[in-house]
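> For reference, the structure I am asking about is given below.
The numbers here are math on the coordinates, done by the rules we state, and not lab data. All values reported here derive from a predicted model rather than from experimental measurement. Don't worry about glycine lacking a Cβ; one is built from the backbone with ideal geometry, like all the others, and counts go over all protein chains shown.
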Amino acid sequence: MISSAKVKSNSTKICCYLIVTISVFLSNSVMAQTRFNVSQKKTDVSTYRHPEECIAAVERSAKTHKNNLKVWSDTAKLLHSELLDSLPASVVAEANRCVTTLKLNTLRELEYVNWIRAYLEADREQDAQEVLRRQLEIVSSKPLEDKIRVFINVRGAFESVRPVSLSVLSDLADSVIKNLPDTALEQLIKIHMSQMHLAINARDSSYLHKEANRSLSFLNSLTPEQRSKEQYHGLKTSLANSAMQFLAEAEILDSLKKGTQAFLSLKRLLFTKAGARIDDKLPYAVGEKAAPIQGDFWFTHKSIHNSQSSIANYDLSKPSSGRVNLIVFLTGGCHVNVLPSGIAMRETNKSTCWDIYSSIKRLKEKYPEIDITIVASTFGSLATTDPIPPEAEASLLSDLWLKHHDLKATLSVSSTEFFKLSDPDRRRIDMSIENVKNYTFPGVNIQPKVSFLVSPEGIIVHSAILTRSSERDFERLIDAMIR
Amino acid sequence: MISTKRRKLLGAASIAVTAQTLSSKPLYALIGARPEQVPPIEDPRLKQLIDQCLNSARDAGADYADVRLCHDFTRHYISGASEGESITIGVRALVDGYWGFASSPVWSVLESVRLGKASVLQAKVNTIGRKRDIDFTPLSDQPNGHWTMPVKIDPFEINVDEIEDLIWSMMYHTTVLSRANIGPLKGSFYRSEKAFGSTEGGYFTQRTYRSSGKVSFGVKNGQGGITLDCLSPSGVGFELFREQDLKQKLYEAYEEELLASALPVKPVDVGRYNVVFTADYMADLIGQTIGGATEVDRVMGFEANAGGTSYITQPDQMLGNFKVGGDNFTVLADRTKHGSVATVRWDDEGATPVDTALIKNGLLTDLQTNREGAGWLKKYYTTQHKTPKSNGSAYCPTASYSPLTHTANLTLQHSDNSSNFNSLVKDVEKGLVFTRPLVDTDFQKTSGFGMGRVFEIKNGERVALVAHAGILFRTPELWKSIIALGGAESVKTKGLKTTKGQPARDSYFSVTAPPALLKDITVIDISRKA
Amino acid sequence: MKSDIIQNSDERVVSEKDLLAVCHKIGDIGSKAERLIMGAASFWTGELNWARNRVALSSDRRGFIIRLTVVRNNGVGFASTNQFDDESLEGVYNCAERRALRQASHRGNDIELESGVTDTISALTWSDETFDRTANQKAEIVKDLLDKVEDRSLTSAGYIETRGAVSAHFSRDLFSKILTSSGKMTQAECSITVRATDGTASGWAGQSGFDIGKISERDIADTAFEKCLKSFNPVRIEPGRYTAILEPQAVADLTSLLLHDGLLMSRSYAERGMGPFVAGIDHGVQRIRSKMGLKIMDERITISHDPSDPELGVIPIPGLKPVTWVKNGVLNSLAFEREYAVNELNERNTDIHRRSFRMSGGNTTIEEMIETSQRSLLVTRLFGLNIIDEGSMLSTGLTRDGLWLIENGKISKSIRNFRFTESPIFVFNNVRQLGVPMPVFSPVGDPGVISTVPHYGLQTAIVPPMKVDDFSFTSAVDAI
């Protein structure tokens, strides 16, 4: 045992220490602080060893660049040709720095795809072509499938790079089409389809005409035996119809100016010419009757902005007859991860529907006479917040769209009915929503931003996902109906 | 916005804290304070902090004391991304053969004085028991100076974009493999800065690193996920990722998986087989059967209430006499090998690590020791005409823990020929190959079992996958069954994690091993009940 | 006493008020964050460790921790520090924010957001006696034990730990609504191994809980001592299927295979068709059904967790509500977090995974189980458990520190350890007798973890002894 005297003497010593040490460390009695320092060194892409690292670096830089653009949802510019936008010069320069040090060796499996992408991103198309040449040489003696695979893969690489090089893709298609035997009918149709889609997405009218004509001449060149192949009926018709519709765009718009019937007749005519049978429906719901929009909760832009005005004072039969209507489905993904932060702070361009608001606004500003209806349904909860009652969620939605984004539209919100599996499972099983059922057609599924343009007669004349690039199609058709 | 109410609260707290700091509440010293930023570990002022602590312990009656200051940094990227930093101080004091320990997160003079005192009192309370003899073997040299683990790319000093680009690029490597789907991608980096001082006068600082990663992918119609085995914990920096050709390794693993998935699957036929173990599998077997079993404290029963003991039950008699394996079985322990994860310049008692042959030609020749543990083996060392001294196995993960003996890096000696995994397989007429180890041993490391992916070999070729095959082994019998070991070119180094002690703490060590062919291994059906 | 002075004269942990103030300070620094979730803790542990009949180390350790989750631009960032100074608080926030912004702008990753703070419930988790247990008191107890062991020429190793922790949780949600909670807890554990000096016999006993007053170190020592004495001269018997009397510790070890793995216990895992609790596809609703609602074990077994259960001693943390995983043998619930609750169930309450549990029992004593056995094995505890097949939960492991053969209602001999290959689900379907549930030993885990995420760190268990049929012991093991 140690005596208490000794304990006391120890205490005294502690005091002595304090005096001595505090005087030594007077300005420094506590020396602690976690630093969380960040290295200020610049990224040195010249140390990268594989094209895949260059691709990762470009992806990062491009995203950073995009995020740094202060693109606000209500001022987002109308974008006709995102595919043809260039990467910022600084990103291209970095990509070039990255690939310059790389050495191209033997290529395994599909490795050439990454090399091509990395070279293209660095704006070194010649090098990309060289890789492609090497790869084609490798497969020159291989079966047909291998060659087709090279084409598809390389095409993927070319398409993933901004700006998309349309001429190269066209040449690629040419070379493959030339090399494919007539027996590879399905592949041939698909290649033409891809080219058509690329042309549509790129919104390059001369390219579009070229591809549409090429597709039609391809279809015309088919032998009677190939034409009669039942299994490719849908594919062939679709390709021919797309091509003809684009080539006849001006006539189609003219027909719409005459009236919905004339428009539908021309569409039908072209469709039949494309090979459609009498009972084949026009694609993309065109010609279908637009069912009345239903809703458990209704809001209008005016009722939201004027507290005196009751919703009961408004005509809520949508689409409204005698007017051009735009029905926009803003379902689940548009608000679940946005609300309520979308109100509390500026919306980021991460959310699914951030770019549609500017499109809606522009269309309404340009054509004030159109009637826009936003169709939504409740989810029952918002991200990780508590479940909320449908009326509260609907009210939040009207705050988000009609108030915060100031969309001059009518909002219909359906309460999503669900039943729950019996205890203890208790999972909710959602019942289908009437509006969704009514607006689902062959080839048209309801997803966020799917929009329908409805004629004054209540007939659907166009449906597509409304984006900054598809906005122009809606615009032309509205223009034809109104002017 | 800070509300007026809270401003008052915090303001009041700061004033109170200042007063408390000078009284008896050193834990409060940090709250509301803006202390000086902790300097790099080499800063000489840290020695003053340690000296205050040592003086306090010495004056309180310590026969010996040592102090550690630790500043630890952790960063995880992509999958499970997070970042952490911590600061700890710990003091260990020896009084009449008994150890006491005290630790804290506060680096201040007041706290270090308190800790010095506290550690001595912790030791003293146990002196009421029977006498405890301790032979705290002296150090050959007192540690002095600074050492930084020689890493090529400090992961904390390069731009994080470079780290993320490389890890992320693994996804693009996978996208071009037609049947592969990428799984989790992860990079983890750890930097430990330690300062150590003892009442014997030694003082050193050192900075060590640990890097590891995970690249996993699955193959369509393949069997489960594949994780690259080349990113296990290592004593290197970002060069773990940058200097290995991960692309090549990914392709190899992919091709291996294609080969495997094309093979027929057959049920296991239990019995005894000649088995080829990959270098990766051998590393796990060595880690499990030799690592813990040769830690001196485990041998002496200090882990009896935790992880267990060792098959080395009587070290005095067994050292120099006990055959752990055949003549071709030699295992070395070191903490000096560049790139290995347990490598240090000084251990956590200030000892300079000594490369040690634990098992030489099958014979047990030494254990992994700290200063006290070397003293327990005095009798054996005397017969060997050796001065008992620590071989440098003391380790504590942060200053919050007192040091224990932990497994050093282990090396299974390879053969002198040019054998490799493929040539070993070629030599087998009928047998099995075990890959993707999952090995576990009993609490005495006497026996164990292993699972993994198992192939049947016929006439030197892998001809089938064997479902549910496992091995059962007794350690000494296992290591007496080695027919052939791979040569120098075939060895691989793998970092392993182990847990020991009460309270439990983790440590890491590397095992370098060649692939090997072992005879008459008991193969069981792991899914079969009795 | 001298250590009382050093232990109690200064503050070993900071107050709840101070911790909350630290949290609020980070909340102010991070005013731009869309969401902010943090746990802060201050903890103390007092430890005594012995081996070879002498105390090896006595420790007093203190620590801080702040774990922070920041959401910015929908990206999530995590960071932690153990420093409470203002610079560090700014540093840790900035770090988490930087991480969140990187995640948002550069690449996605697979981070899931933890549940935020919701309600708190009060629980009895603090014992002054535990917090005030001094090193001297521990030393006195251990001295008596060691004297006794050494006098019988045996050797002992063991560990006693007491600890106290104060923690605070803070959450600010998308609506800028701040919720906080704070609490304090103590924990104690004691485990003792007594062995023959030549390593030919070993006995073990242990217990843990929040209240050292309910843990008798002397009883634990006596049990370990007795078990060691009864373990001398073990004989080897053939492996095979035996009726087994599992002491509570062995039952807890076996149950931990199921209960400790958050993935196996999660609803979403089962409903994605993985793990032991998948029933199959319900074509009617196009969903994979878990086994919830189906009988999976003996109807006498109920496995539950109530955070206010003082014997389980879980610190009151947000979102932790009572749950019954298995009710009378029927799988009643699997774990789910907040996101699952709101999205899949349209409910507010969660059943978040936790490792502490209570298992119902019966009233048969171990002695009665022995007396009613013709031929069976008495198992002290299990070690080194590994799952072989997740679907069936077939697992392997070892018996340790006491295994006896019972013949004609009496312990007839000590036997060598076995490796077993068995599934806990199979075992719990073959129950013959159940005893009174009692607290068992579980290492109390890293104090920083259990203070901030106690449902993950704490593994306390109250389980009964049970006698089960057809337990599959597959091979003999020499280790003792």
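> Along the charge dipole of the protein assembly as shown, pointing to its positive end and built from +1/-1 on Cβ of Lys, Arg, Asp and Glu, which listed residue (B:I286, A:N313, C:F170) has its Cα farthest out?
Result: A:N313, furthest along the dipole toward the positive end.
> I'd like the mean, over residues of C:338-349, of how many other protein chain beta carbons sit within 10 Å of each residue's own Cβ. Mind showing how you got there, number by number?
Values: counts 5, 3, 1, 5, 10, 10, 5, 9, 12, 7, 4, 1.
For this peptide, the per-residue mean of nearby foreign Cβ atoms is 6.
> D for chain B, whole µm²/s, Stokes-Einstein with Kirkwood Rh over alpha-carbon pairs at 10 °C and 1.306 mPa s: what number?
Approximately 63 µm²/s, per Stokes-Einstein.
> Within a 10 angstrom radius of each residue's Cβ in B:94-104, how many Cβ atoms of other chains show up on average? Whole number is fine.
4
> Calculated FRET efficiency, B:R272 and B:S415, Cβ-Cβ r, R0 30 Å, to nearest 0.05?
0.80
> Still on this model: Going down the list B:K47/B:K337; B:K152/B:K337; A:K178/B:K220, which pairs span over 22 Å between their C-alpha atoms?
B:K47/B:K337; A:K178/B:K220
> Let me ask something else. Please compute the contact order of chain C in relative form: average sequence separation of alpha-carbon pairs under 8 Å and at least six residues apart, divided by the residue count, as a percent.
RCO, chain C: 16 percent.
> Projecting each Cα onto the charge dipole of the protein assembly as shown (Lys/Arg +1, Asp/Glu -1 at the beta carbon, about the Cα centre), which of A:L172, C:V436, B:Y401 comes out farthest on the positive side?
Among A:L172, C:V436, B:Y401, the one farthest towards the positive end of the dipole of the protein assembly as shown is A:L172.
> Among B:D355, C:D173, B:D347, C:D298, which comes first, then next, by fewest other beta-carbon atoms within 10 Å?
On the way: B:D355 15, C:D173 22, B:D347 26, C:D298 18.
Arranged by neighbour count, lowest to highest, B:D355, C:D173, B:D347, C:D298 become B:D355, C:D298, C:D173, B:D347.
> What are the semi-axes of the equivalent ellipsoid of the stretch B:469-530, taken as the square roots of 5 times the eigenvalues of the Cα gyration tensor, listed largest first and rounded to whole Å?
Result for the stretch B:469-530: semi-axes of 25, 22, 11 Å.
> Could you give me the radius of gyration and the Dmax of the protein assembly as shown, taking only the C-alpha atoms into account and expressing both in angstrom?
Taking only Cα atoms of the protein assembly as shown, I get Rg and Dmax of 35.9, 115 Å.
> Taking square-rooted eigenvalues a ≥ b ≥ c of the alpha carbon gyration tensor, is the stretch C:136-245 rounded, prolate or oblate, where a/c under 1.5 means rounded and, failing that, a/b exceeding b/c means prolate?
Here the stretch C:136-245 falls in the oblate category.
> Oh, and also: Between the stretch C:340-408 and the stretch B:248-296, what's the alpha-carbon centroid distance in Å?
About 31 Å separates the Cα centre of the stretch C:340-408 from the one of the stretch B:248-296.
> Also, I was wondering about something else. Gain in length, A:L235 to A:F419, computed as 0.36 nm per residue apart minus the alpha-carbon separation, to one decimal in nm?
Value of the extension gain: 62.2 nm.
> Additional query: Quick check: pseudo-label points 7 Å beyond the Cα along Cα→Cβ at B:K378 and A:S90, how many nm apart are they?
Label at B:K378, label at A:S90, 6.9 nm between them.
> Follow-up question, since we're still on this one. Please report A:H404, A:H192, C:H24 as a ranked list, fewest other C-beta atoms within 10 angstrom at the top and most at the bottom. Let's see the in-between values first.
Values: A:H404 17, A:H192 25, C:H24 20.
Ascending Cβ contact count within 10 Å gives the list A:H404, C:H24, A:H192.
> Where the only charges are on Cβ atoms (+1 Lys, Arg; -1 Asp, Glu), what is the dipole of the stretch B:438-484 about its Cα centre, to the nearest 20 debye?
So the magnitude is around 80 debye.
> To the nearest 20 Debye, how big is the dipole of the stretch C:179-239 about its Cα centre, given +1 on the beta carbon of each Lys and Arg and -1 on that of each Asp and Glu?
60
> Highest mean first, how do B:365-372, B:37-44, C:259-266 rank when packing is the count of other Cβ atoms within 10 Å averaged over residues? Write out the running numbers ahead of the final one.
Values: B:365-372: 26.2, B:37-44: 14.9, C:259-266: 19.5.
Output ranking for B:365-372, B:37-44, C:259-266: B:365-372, C:259-266, B:37-44.
> Using r as the Cβ-Cβ distance of A:T100 and B:D245, and R0 as 25 Å, what FRET efficiency do you calculate, to the nearest 0.05?
Between A:T100 and B:D245 the formula returns 0.80.
> Which residues does a label at A:Q226 reach in the stretch A:256-275, if reach means a backbone N under 18 Å from a point 7 Å past the Cα toward the Cβ?
The answer is A:274-275, whose backbone nitrogens lie closer than 18 Å to the label point.
> Roughly how crowded by other chains is peptide B:38-51, in terms of the mean Cβ count from those chains within 10 Å of each of its Cβ atoms?
Per residue, the number of nearby Cβ atoms from other chains is 2 on average.
> Here's another thing I want to ask about it. Given Cα pairs under 8 Å that are at least 6 residues apart, what percent is the relative contact order of chain B?
15
> When ranked by the protection proxy of mean other Cβ atoms within 10 Å per residue, highest first, what sequence do the peptides A:144-154, A:454-464, B:60-70 form? Mind dumping the intermediate values first?
Numbers: A:144-154: 17.2, A:454-464: 21.1, B:60-70: 23.8.
Order by mean packing, descending: B:60-70, A:454-464, A:144-154.
> Applying a 10 Å radius around every beta-carbon, put B:166-173, C:269-276, A:225-232 in order of their mean neighbour count, most first.
So the peptides B:166-173, C:269-276, A:225-232, ranked by packing, come out B:166-173, C:269-276, A:225-232.
> How about A:K103: which lysines have a C-alpha closer than 21 Å to its C-alpha, ignoring those fewer than 8 places off in the same chain?
Counting by Cα, and skipping residues close in sequence, A:K103 has these lysines nearby: B:K247, B:K249.
> Another question about this same structure. For the Cα atoms of chain C, what angle does the longest principal axis make with the long axis of helix C:16-29, in degrees from 0 to 90, nearest 10?
With both axes taken from Cα atoms, the answer is about 40 degrees.
> How far apart, in nm, are the 7 Å Cα→Cβ label points at C:E226 and C:D128?
Label at C:E226, label at C:D128, 3.4 nm between them.
> By how many degrees, 0 to 90 and rounded to 10, does the Cα axis of helix B:109-124 deviate from the longest principal axis of chain B?
With rounding to tens, the tilt is 70 degrees.
> Let me ask something additional. Given charges of +1 on the Cβ of Lys and Arg and -1 on the Cβ of Asp and Glu, with all other atoms neutral, how large is the dipole of the protein assembly as shown about its Cα centre, in debye to the nearest 20?
With Lys and Arg at +1 and Asp and Glu at -1, about 800 debye.
> For A:K364, list the lysines whose Cα falls under 26 Å from its own Cα; do not include residues on the same chain fewer than 8 positions away.
A:K70, A:K77, A:K257, A:K258, A:K289, A:K302, A:K318, A:K350, A:K403, A:K408, A:K449
> What's the FRET efficiency of C:N233 with C:E368 using the Cβ-Cβ distance as r and R₀ = 25 Å, to the nearest 0.05? Numbers along the way, then the final one.
Details: r = 27 Å, r/R0 = 1.07.
Once the sixth-power term is evaluated, E becomes 0.40.
> Ranked by Cβ crowding within 10 angstrom, fewest neighbours first, how are B:V331, A:V436, A:V286 ordered?
A:V436, A:V286, B:V331
> Scattering from the C-alpha atoms of chain C alone, worked out with Debye: what is log10 I(q)/I(0) at q = 0.07, 0.11 1/Å?
Treating every Cα as an identical point scatterer, log10 I(q)/I(0) equals -0.42, -0.98.
> I've got another one for you. Say each of A:Q40 and C:E140 gets a label point 7 Å from the Cα, pointing the same way as Cα to Cβ; how far apart are those two points in nm?
With each label placed 7 Å out from Cα toward Cβ, I get 6.0 nm.
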